[in-house]
Amino acid sequence: MGALSWPEEVVALVKLRMAAGQIKRQIPPEEHWAFCYSMLQKVSRSFALVIQQLGPELRNAVCIFYLVLRALDTVEDDTSIPTDVKVPILQEFYRHIYNRDWHYSCGTNNYRVLMDKFHYVSTAFLELGQGYQQAIEEITRLMGAGMAKFICKEVETVGDYDEYCHYVAGLVGYGLSRLFHAAGTEDLAPDSLSNAMGLFLQKANIIRDYLEDINEIPKSRMFWPREIWSKYADKLEDFKYVENSEKAVQCLNDMVTNALSHAEECLEYMAALKDIAIFRFCAIPQIMAIGTYALCYNNVNVFRGVVKMRRGLTARVIDETNSMSDVYTAFYEFSSLLESKDAHYMFQISDKDPNATLTRKRVESIKQTCKSSGVLKRRGYDLDKSKYSPMLVMALLLLVAVVLGVLYAK
């Protein structure tokens, strides 16, 4: 019910639900492709939505690229796999994608199913064009080698942090740029911009997932760089304890400030895109990232549980992102929310924060880039609680669903 407490998001929610239904009806009949697209929905519902906008050939390539890297990530994430077993698998994973018989049982839930039935992914991979196969193989090889390196190495410096994020996400940016280019729809983007796109997304995940990673069993997963967190605590796990809340939030703000340094390169990358489907595919996750940073900034709940944008706001972003004007507007508004001085918001830049000056500088730089585009709109994005009755919103939701159902039937 909470997700339905913003009336302006009701239409977007209904459209999102209908789009999800359309995806299920578009699953290919071939067994291996049916598995891949069904699995995509299970391991990343939001990614499954944005990928459907791509043309069939590129959509297939991106689907398989995502599942291959998700499988690779499942091996890396499984802390129960001994290092001497895990490292060779990561290093050789790019070879396994050519083997229809290869699989390795690890992970949990849907990720275990993906690994147990990986032969379906390999079969689909081998049906892609050679250009797509080469791009996927290259990125898988580089990513596997990078992951293996950090299995045996801790993230000590900010340089290490950027390097790790490059291996697990910046390379995804490289790969997608190469797939877009192989499809003949986009110029090949500079690697520096492709890398920034990946880092901006990955750092949002690392920041938001602090508690989940630190509580991982049988062994914690720690990606926050010691160079940052050691300024505020003796051990990274200290931040999850209530008595350390003040220092935890200061460290969190330091991490967010670091991530904001990639925002303007992301805007530059997106502004160069030509194809509307590829643009939406790239832009929606980036807007979700800047929204996540605004939500996490100065928010002690990052150390208490799950912090993420509400479903209705996500639906609005998906529905309303169609041009660079929409992207500039979203980046401007979420940056404004992050720095808000209004006591109505808990996420604000305090003069007492050790990084306040640098945070303000980076936020203002993002806002200035957006303003200088000359195409800002007003969306009124809001991370706060609703002031409307949930019952009123539910009635409105049912009414909109009926109206849209009639329109779509026609």
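The values are calculated or read from the model by the stated rules, or taken from the named source; none is laboratory data. Computed from a predicted model, the values in this text were never measured in an experiment. Note that we place each Cβ from the backbone using ideal geometry, even for glycine, and neighbour counts take in every protein chain shown. Areas reflect the complete protein model, heavy atoms only, side chains present, ligands, DNA and RNA absent. Shrake-Rupley method; radii C 1.70, N 1.55, O 1.52, S 1.80 Å.
Selection of first residues in region 297-321 that are of a type in the set (S, T, N, Q) and of second residues that are at pLDDT below 95 and open to solvent by less than 20 Å² (accessible area, probe 1.4 Å), restricted to Cβ pairs under 7 Å at least 6 apart or on distinct chains, gives the following pairs, ordered by first then second residue: ASN298/PHE347; ASN299/VAL307; ASN299/PHE347; ASN301/VAL307.
The condition (being touching a residue at least 12 places away in the same chain (Cβ under 8 Å) and open to solvent by less than 20 Å² (accessible area, probe 1.4 Å)) is satisfied by just one residue among VAL113, VAL68: VAL68.
Considering TYR328, TYR293, TYR297, the condition of being of a type in the set (Ser, Thr, Tyr), out of contact with any Gly (no Cβ under 8 Å at 6 or more places or on another chain) and open to solvent by 20 Å² or more (accessible area, probe 1.4 Å) is satisfied by TYR328 alone. Checking each residue in region 225-264 for being among the hydroxyl-bearing types (Ser, Thr, Tyr) and either buried (at least 22 other Cβ atoms within 10 Å of the Cβ) or in a helix (DSSP H, G or I) (or both) picks out SER245, THR257. Residues in region 117-137 that are open to solvent by less than 60 Å² (accessible area, probe 1.4 Å) and either within 12 Å of TRP33 (Cβ to Cβ) or over 25 Å from the mean Cα position of the chain (by Cα) (or both): TYR120, VAL121, THR123, ALA124, PHE125, LEU126, LEU128, GLY129, GLY131.
Within region 180-194, none of the residues are within 30 Å of THR108 (Cβ to Cβ) and either part of a helix (DSSP H, G or I) or open to solvent by 60 Å² or more (accessible area, probe 1.4 Å) (or both). Between residues in region 220-238 that are closer than 19 Å to ILE151 by Cα and residues that are open to solvent by 40 Å² or more (accessible area, probe 1.4 Å) and part of a helix (DSSP H, G or I), which pairs lie under 7 Å by C-beta distance while being six or more apart or on different chains? Qualifying pairs under 7 Å: SER220/GLU237.
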